[in-house]
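Notes follow the structure.
The values are calculated or read from the model by the stated rules, or taken from the named source; none is laboratory data. Quick caveat, the model's predicted, so the values are computed rather than measured. When we count neighbours, we look across all protein chains shown, and the Cβ atoms used for this are built from the backbone with ideal geometry, even at glycine.
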Amino acid sequence: MPAEMQQGNAPARLELRGITKSFPGVLANDNVSFSVQPGEIHALLGENGAGKSTLVKMIYGIQPQDSGQMLWNGESMSVPNPKAARRLGIGMVFQHFSLFEALTVLENIALGMDGAQPSRQLEAQVREVMQTYGLALDPHRIVSTLSVGERQRIEIVRALLLNPKLLIMDEPTSVLTPQEVEQLFGTLRQLASEGCSILYISHKLHEIKALCDTATILRQGKVVGTCDPKVETPKSMAEMMIGGNLKSVSKEQRADFGEVLLDVRSLNLPRLDQFSTPLHNVTFDVRRGEIFGIAGVAGNGQNELLEVMSGEIEAEPGSHILIDGRDVARDGASRRRMAGICSVPEERHGHAAVTDFTLAENTILTARHRRNLVTGGLVRNRAADSYAKEVVANFSVKTTGSQATAGSLSGGNLQKFIMGREIMQTPDVLVVSQPTWGVDAGAAAAIHQALVDLAASGSAIVVISQDLDELLSLCDTMAVINVGKLSDKMNVEGVDIQEVGLLMGGVHGDPGATAEAEAQVEAAHAH
Amino acid sequence: MRIKLEKRAAPSRLMVVLTPIASVLLTMLLGVIIFDAMGIDGFRAVQDIFLTPILATYKIQDVLVKAAPLIIIALGLSVGNRANVWNIGAEGQYIIGALAGAGAAMAFGQTGGFFVIIVVIAAGIAGGMAWAAAPAFLRNRYGVNEILSSLMLTYVALQVLSYLIGGPWKDPNGRNFPQTAPLADGQVLPVYEIAGVPFHFGVVVALILPFLFWFLMSRSVLGFQIRVVGSAPHAARHGGFSQRQTVWLSMLIGGGAAGLAGVLELTGSLKAINLGFPSGYGFTAIIVAFLGRLHPIGVLIAGVVLAITYVGGQVAQTTVHIPNSTAGIFQAMMLFFILASDILVRYRIRIVGNKDAAQAAPAGE
């Protein structure tokens, strides 16, 4: 890859002038202008729904803009499709990978190339790119055996093979361990030093601070500011991003918890299908008033753990889930709720809520027993409606009313409604997965506060999240799940991020890594 | 200019009601065009098929008798379809229901009366349920697709029917015709008459049952369960509703309704079972269920519309000399139109101007 550092008054690599794009009912991008210099790592910062993804989709030729102009090295550019974008030298790594699980790394890369190429020649190129950028990957491994971090490397290699002049990275770190993030940043810095511009989309502020040269901040489709992340604080950038003061969660540090409310012992779950993760001997306990976090990279058994706790799937015989001393491991979902354990799964649409149903009907789904919404085989529609109204009022859910369909709510509002529906049942134990995934900062703060308040009122709470920052700020204690195994519980105060990263699978993510990481952590403690 | 489909923020309630009506109208329009092209008076044919049956008093009686089984079967099927359980074998369940009823009636000999009729009807329902239980069991236990198993069981039911009426159950006084002995007088459903239109008790059932199903689906926990499992199986599991139980329930309700329709047809109108007993109601009811938008009251209306096409087909056969199977073509057209126009419930059509032109123009400097 030829290094070409440009300087002086050379034209910008990419310049956007007054880009506007609207969808029915929303103005996704409103007169957006900014430019990216050669060799610059440029952050595109904004909350979910701020218009970041729409913008890069136009740059990559996936959808056309309504109006405005894009310039490439000072000349007007038109990208009718991604192929044209690639020809110009624009590469993109998507948040969701498009890989065939049953094929090898090399086969996947070959399928993504625009022109046919002999496989031996391609392999040589792939190996060269991997060596240049320190991307460790075996071209002949089957994708299904790879960790998420390794899969992302395939996408990066795929983009780099085109000698890009601009690389777009869409939320690349949301599925990586801290070590993998460090490694990715190394690669990106090397690329930038060789003159490749990088457009880096994220809402993780400390990452942007660590990596990027410039940040353009989007809010509701408009550019609201440009800053140098190196001199800003994460708080100041967050406030620009949400356009107001960031309310921090008020939480008392406490060490005196009550008795054990949730006691999970030797929980085992066999592999249910080829995409599920078996659980091995998961053991933990949570005390009254305690918020216990479970960290881990996606797909390491989090969903299975939530479903086995909620009663949707049954654990192997010999597993125990004790709520206040009563074993509910053999009970179904309804009986578990009656016993005092409520849950919120990660997927809102079609799992935590029925999209086509009204909010009132959605309360019947999980609150019918604890809130007496059914009687004698009949649904008490009026009671359900008033419970839905209560939830909407108490959790400031923005909606047209209790008869609005769940699908008509924005992600953050639906999540607030679902959390409210469970919290207002005052469960003894609440298990939530990704409570603030895809939720705007205001709603996230409200949800965090509600969890803290529920714990303060004497419930035991389990928070499963991929967002390490969230766990560190919210939880009292935490553990890490990797390939279906849960680490020992540790106190959040004084926790070592490096150690957590190793437990999350380090940089490799292969099945042996947990044992390896545990040994490393133990060795580190011995010193 | 191009036509674009755009997702609606919420499903359109207006379209839910409008599209079935539009489907019927489009079917009539297309019918006129096709028959004219074939050299038959299309307007007359469509008029005979859709209008004569409801304008002539003596035809209304036929419409009601044909609508009753369609409505009853479709009510049961719409429950299953709401739960994403696809029972295609209502025809078989209808046949077995009638046979079970006939068997029960035979066991009573010449004894009749209220309680005998109740037992005969119960036997019919149980027969239909039993025939539907097989696909339910196979799906829950072995993951067998219920569309195939229920459909194939229809052909088994046809064989059972021809075996029974040609062998053990053949009418001893029937001049060797393959047919069961006619029911005793006391085993036949009562007949009522309003405004000169006679109708049997089965028609009354078909008029009451939709309201019962409406209540069941909208107010009961059972109805909620069926709707949740159909709309979001994952959420249903999260809410503690069993998928397997729902498959059982909806298959048994579908089979029971089809069996009920069969036994009412036997005790209300035909009084004996011969090879002509299976008349395709079980399949036509699938169209009724969809045309009625899987809503009990919609099913009631759609059942009448489909019955009209049946009766009208016979009218047109004598007046414009088109084959009786023409009614089948009209029914199929209606199903196609309703399925095709379904998209309008969730999407709207928009005609947009060409944006490429605007884009190609350079921005003002």
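Odds and ends about this structure:
- Filtered by the rule that a residue be assigned to a loop (DSSP other than H, G, I, E, B) and away from every other protein chain (no Cβ under 14 Å), the range A:315-329 gives A:Ala315, A:Glu316, A:Pro317, A:Gly318, A:Ser319, A:Asp324, A:Gly325, A:Ala329.
- Qualifying residue in the range A:101-110 (condition: small (Gly, Ala, Ser) and in contact with a strand residue (DSSP E or B) (Cβ under 6 Å, 6 or more places away or on another chain)): no
- Test: residue in the range B:1-12 that is part of a strand (DSSP E or B) and touching a Gly at 6+ places or on another chain (Cβ under 9 Å): yes
- Filtered residues of the range A:377-408 (kept if under 17 Å from B:Ala235 (Cβ atoms), within 11 Å of chain B (Cβ to nearest Cβ) and free of Cβ contacts under 8 Å to residues at least 40 places away in the same chain): A:Val379, A:Ala384, A:Ser408
- Residues (farther than 14 Å from A:Ala352 by Cα and in contact with a Leu (Cβ under 7 Å, 6 or more places away or on another chain)) located in the range A:404-420: A:Ala404
- Which numbered condition A:Met424 misses (of (1) more than 23 Å from A:Arg337 (Cβ to Cβ); (2) surrounded by fewer than 23 Cβ atoms within 10 Å (Cβ to Cβ)): (1)
- Residue that is within 14 Å of chain A (Cβ to nearest Cβ) and part of a helix (DSSP H, G or I), where the choices are B:Ser250, B:Ser218, B:Ser269: B:Ser218
- Total residues in the range A:274-298, condition surrounded by 17 or more Cβ atoms within 10 Å (Cβ to Cβ) and either among the small types (Gly, Ala, Ser) or in a helix (DSSP H, G or I) (or both): 5
- The strands (runs of 3 or more DSSP E) falling completely within the range A:1-113 that include 1 or more residues that are more than 23 Å from A:Lys204 (Cβ to Cβ), more than 14 Å from chain B (Cβ to nearest Cβ) and within 28 Å of the chain's Cα centre (by Cα) map to A:26-36, A:90-93.
- Residue match in the range B:68-79 (condition: within 26 Å of B:Ile208 (Cβ to Cβ) and modelled with pLDDT under 85): no
- Condition check for B:His200: farther than 30 Å from A:Arg368 by Cα and not aliphatic (A, V, I, L, M): yes
- The number of residues in the range A:330-369 being surrounded by 24 or more Cβ atoms within 10 Å (Cβ to Cβ), of a type in the set (Gly, Ala, Ser) and either part of a strand (DSSP E or B) or on the phi > 0 side of the Ramachandran plot (or both) comes to 2.
- Here is the figure for the range A:182-230: residues that are within 14 Å of A:Ala50 (Cα to Cα), in contact with an Asp or Glu (Cβ under 9 Å, 6 or more places away or on another chain) and hydroxyl-bearing (Ser, Thr, Tyr) total 1.
- With respect to (1) within 14 Å of chain B (Cβ to nearest Cβ); (2) surrounded by fewer than 18 Cβ atoms within 10 Å (Cβ to Cβ); (3) within 25 Å of A:Cys475 (Cβ to Cβ), the lone exception for A:Val260 is condition (1).
- The residue list A:Leu468, A:Leu472, A:Leu503 contains one member that is buried (at least 23 other Cβ atoms within 10 Å of the Cβ) and modelled with pLDDT of 60 or more, which is A:Leu503.
- From the options A:Glu290, A:Glu346, A:Glu304, A:Glu312, residue that is more than 8 Å from chain B (Cβ to nearest Cβ) and either touching a Gly at 6+ places or on another chain (Cβ under 7 Å) or under 19 Å from B:Gln243 (Cβ atoms) (or both): A:Glu304
Let's see how each residue does on (1) modelled with pLDDT of 90 or more; (2) of a type in the set (S, T, N, Q); (3) not assigned by TED's automatic domain parsing to the domain that holds A:Pro172:
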site	(1), (2), (3)
A:Tyr60	yes, no, no
A:Gln69	yes, yes, no
A:Gly91	yes, no, no
A:Ser98	no, yes, no
A:Gln131	no, yes, no
A:Asp138	no, no, no
A:Gly149	no, no, no
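- Selection of the range B:19-40 for residues being without any contact (Cβ under 8 Å) to a residue 12 or more places away in the chain and at negative phi yields B:Ile21, B:Leu25, B:Leu29, B:Ile33, B:Ile34, B:Asp36, B:Ala37, B:Met38.
- Selection status of A:Gly89, under 19 Å from A:Leu188 (Cβ atoms) and surrounded by fewer than 18 Cβ atoms within 10 Å (Cβ to Cβ): yes
- All positions within the range A:169-213 that are farther than 25 Å from A:Glu15 by Cβ and of a type in the set (A, V, I, L, M, F, W, C): A:Val175, A:Leu176, A:Val181, A:Leu184, A:Phe185, A:Leu205, A:Ala210
- The residues of the range B:200-211 that are in contact (Cβ under 8 Å) with a residue 12 or more places away in the chain and part of a helix (DSSP H, G or I), listed by number, are B:Phe201, B:Gly202, B:Val203, B:Val204, B:Val205, B:Ala206, B:Leu207, B:Leu209, B:Pro210, B:Phe211.
- Residue within the range B:48-58 that is away from every other protein chain (no Cβ under 14 Å), among the hydroxyl-bearing types (Ser, Thr, Tyr) and under 22 Å from the mean Cα position of the chain (by Cα) present: no
- Checking each residue in the range B:226-247 for being more than 10 Å from every other protein chain (Cβ to nearest Cβ) and in contact with a Leu (Cβ under 8 Å, 6 or more places away or on another chain) picks out only B:Ile226.
- Flag: A:Ala515 matches the condition of being at pLDDT below 85 and outside the structural domain of A:Asp428 (by TED's automatic domain parsing).
- The range B:96-120 - residue that is in contact with a Ser or Thr (Cβ under 8 Å, 6 or more places away or on another chain) and surrounded by 24 or more Cβ atoms within 10 Å (Cβ to Cβ) and, of those, farthest from B:Ser150 (Cα to Cα): B:Ala105
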